[in-house]
Each structure stands twice: as structure tokens, then as C-alpha cells.
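Report on one structure; see the data block that follows.
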Amino acid sequence: MESYRNKGIKDIITEFPKVEEILDEYGIGCGPCTVGICLLKDILDIHKMAPEKEQELMARIETVIYPERVEEPAAPTKTVQPDSVPHVFSAPMQVLVNEHVLIKRWLALIPSVVENIDLTTDVGVQIIEDGIDLIRSYADRLHHAKEEDILFTYFDDSEKIFQVIYEDHRTARNHVKEMLTDLERKDVSSLSKHLTAYGILLAEHIKKEDEILFPWLDRKLADSQVAELAEKFDLEDKQIGVDPKKYQSFLDWLENRFG
Ligand SMILES: [Fe+2]
Ligand SMILES: [Fe+2]
């Protein structure tokens, strides 16, 4: 069973589809999850369960993987009630989650922006410039820098989940580079393509962080590290000097424009 603890949950589900049903009964939705980066041992760590429930879950998974080892199926007679208590984020982690809220407002507007791109008017160009500025200054310089330069330094970032996150950040930066070139060349088609791809990528990325990575990391942080993180985030905000109000006003205006 030990070798399966270090195997990707998506691979296990492909090999043993019944495992998805079992996880589902415990409120762990790995099947429809599009993130697909967790190992079986991560699942146990991420979805903190009572020890007896964790043991029961593992026994049931083991029954599916090694049916010859178990004479009686360990399935309970009624559906297990999943732990439904949502994770309460620490103050600094909540700062990152709140920043996601503003970024998600922009992501939600991208389809309308793409549909209405007009680089022949000043206002049309300004919308794209302001949108790219939000991505570069707020989402990348202020937010991703807090993740990469501060939060992740508290952990072993050679783990696969961090590599996925870094790769997303790199891909997002490449889309922005392309968008700037497209804007200069007035290439509406390529600009639409990169803006749309960025929107899809970031929406998935934020989901990975809000639902998997951040609750997990938050549980690993000691109280002293939480306090230290809060101080470092404050200092970083002051040093970077990005004003969120500027982007809130832009989004208010854009939401109003596109209904
Ligand atoms: Fe991120
Ligand atoms: Fe993030």
C-alpha cells in the first residue's frame, strides 16, 4: 500500500475507478477536480480527517487495490458524513485569498473585454492597457511576489505542487509578454487568444491555491511563522506601493460598462 501513497490520485482513479466513488463519500472530490497534482498521501494531509475516519478510508481504498488481502469488504452500510467545516485561513493567508477576489473580478470580465476589443479608439486601447497593468502590477508584482518570495520560502518548494504553481506563474508572464507585443502591433486576434488563455489559466490557478495549496500550507505554519508572514506581507505591500484602489475603480467602471 505504501507505494500507492506516493502515487498520483488521478492515476489511482484511472486504474481503480471505484476509488473515486469512495473518496466522494468522504466529501473528497478528486474525480471532477481538474487540478490533478495530488498524491494519495497529499489527499490525507490536505483533507484533515479524524484519525479513525482516515484509517477507515485507507482500509476501503486498500480493499479496492488489493481485493485478495481482505476477505470482508470494509464498506460501511450507510454514506459517511464528510467533514464539512471549511478551513479558516490565518490572517496573512486571508490577505492572499482576498487578493484573489480582486483578480477574479478581472478574470470574469475578460470574455466581455475580448468580445468588445477595439484598438481603433483611445478608450478601447486604454481598457487593454489598464487590464494588462492590473495583471502585471497587482496580480504579478504584488500578489505572485508575495507567494514566491515570501510564503513559499517557508516550505520545501521542490515538491511537485509548487512546481505546478511556478509553471502557472511563468506561463501567465509569457501571455502578458505576448499581449504587450500584440497591443503594439494592433493584432486583435492574437491579443484575444492570449487574454483568453490567461483568464482560463489564472482561474484554474486560483482554484488550486484557494482550495488545495493554501489550506494545506496554512495548517503546516506555526503560530510564530504566521505572525512573521503577516509582518513581511505588510512590509512588502509598503515597499511595492501598488494601490489596490486604482484597480478596484477600474473594475467598478468596467463592470458597469459591460453590465
Ligand atoms: Fe499563484
Ligand atoms: Fe495566488
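The values are calculated or read from the model by the stated rules, or taken from the named source; none is laboratory data. Quantities reported herein were computed from a predicted structural model and do not represent experimental measurements. Glycine also receives a Cβ, built like all others from the backbone with ideal geometry; neighbour counts cover every protein chain displayed. To get the accessible areas, we keep the full protein, side chains included, count just its heavy atoms, and leave off ligands, DNA and RNA. Shrake-Rupley method; radii C 1.70, N 1.55, O 1.52, S 1.80 Å.
For a label point 7 angstrom out from the Cα of D149 toward its Cβ, which stretches of the stretch 171-190 have the backbone nitrogen within less than 18 Å? Flagged as within label range: 173. When the helices of the chain are scored as -39500 (n - 2.57) per DSSP H run of n ≥ 4 and the total is divided over every residue, the value at 222 nm lands at -20000 deg cm²/dmol.
On the basis of the beta-carbon distance and an R0 of 30 Å, F16 and Y166 show a calculated FRET efficiency of 0.45. Here K10 is the anchor, and the aspartates and glutamates within straight C-alpha reach of less than 15 Å, apart from those fewer than 8 places off in the same chain, are E20, E21, D24, D42. Rolling a 1.4 Å probe across all protein chains gives F250 an accessible area of roughly 20 Å². With respect to the chain, whose longest principal axis is taken over its alpha-carbon atoms, helix 188-207 is tilted by about 40°. Counting Lys and Arg as +1 and Asp and Glu as -1, what is the net charge of the other residues whose Cβ lies under 15 Å from the Cβ of E167? So the environment of E167 carries a net charge of -4.
Residue-normalised convex hull volume from the C-alpha trace of the chain: 152 Å³ per residue. Relative intensity of the stretch 113-237 on a log10 scale, I(q)/I(0) at q = 0.16, 0.19, 0.22 Å⁻¹, equals -0.83, -1.03, -1.25, per a Debye sum over C-alpha point scatterers of equal strength in the absence of solvent. Sparsely packed loop sites in the stretch 180-259 (the trypsin sites (Lys or Arg not before Pro) outside DSSP H, G, I, E and B with at most 14 other Cβ atoms within 10 Å) comprise K186. Full extension of the segment from T181 to K232, taken as 0.36 nm per residue of separation minus the current Cα-Cα distance, would add 14.9 nm. Rounded to the nearest 10 degrees, the angle from helix 91-115 to the longest Cα principal axis of the chain is 60 degrees. Structure note, pairs K177/K207; K48/K160; K104/K232; K18/K160; K7/K177: Cα-Cα distances above 31 angstrom occur for K7/K177.
Against the main long axis of the alpha-carbon atoms of the chain, helix 223-240 sits at an angle near 20°.
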